[in-house]
Structures are given as structure tokens and as C-alpha cells.
1. Could the peptides 22-31, 39-48 be put in order, highest first, of the mean number of other beta-carbon atoms found within 10 Å of their residues?
2. Can you give the extra length, in nm with one decimal, that the chain gains between GLU76 and GLU34 once fully stretched, where that is 0.36 nm per residue apart less the Cα-Cα distance?
3. Suppose each label sits 7 Å from its Cα in the direction of the beta carbon; what would the ASN20-THR93 distance come out to in nanometres?
Amino acid sequence: MTIKTILEAFNPRVKGHTLNTLLVFEKIGGFSPEPVFQTDLVLNLELSKSIISDQLKLLTELGYIVKETNPYNRREQLIKLRPSGLDLWNQIT
């Protein structure tokens, strides 16, 4: 499967998917079903906070992920796959 095919699997009607989208999604999916901290995405992917934030916003709007506030530290965001995100993850892995 090519990167283009994988990116198109996200949602062929929505433009704006990039390699960064795939990198963020891959990192979240790799932790599934456990949530991942948004700060860990920044550290592990070595992308800027704004790039990570933009990709998380896109993935949230597409319904693939959900962001929740960490109940133990309200300044942290926990990211996890929604059922549709898990279906996509299983499709491309």
C-alpha cells in the first residue's frame, strides 16, 4: 500500500491530509487502546506543537480521535482512537 493510498483512506473527500497527518495517526494507533499524551506526540515525532495541534484538530473533525483532559493533570490532553479511527488503523496496518 502506498502512502498516497493510505492518506486517501482517511477520507478522500477531505483535502489537507499530509505525511504529518499519517505520522500523528500512526503514533496514536501504535498506543491503542491506551491513550497517548499530546506532549508525547510532540517529543516523539519531533514536530512543532502547532503542527501536532493542527493534525489533531483535523483527525478530531474527521471523527478518528478524541481528546480528553487528563483527570490527574488538567493541563494535559489524552488522545485516543475512536471506533472509526480504530477501524481505519486496522485497515492500514
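1. On the way: 22-31: 18.9, 39-48: 14.3.
Listed from highest to lowest mean packing, they are 22-31, 39-48.
2. Numbers: separation 42, 0.36 × 42 = 15.12 nm, distance 1.51 nm.
Here the answer is 13.6 nm.
3. For the pair ASN20/THR93, the computed spacing is 2.3 nm.
Throughout, read-outs are computed from the coordinates displayed, never taken from laboratory work. What you are looking at is a predicted structure, and each value in this text was computed from that prediction instead of being measured. Neighbour counts are summed over all protein chains in view; Cβ atoms, including those assigned to glycine, are modelled from backbone coordinates with ideal geometry.
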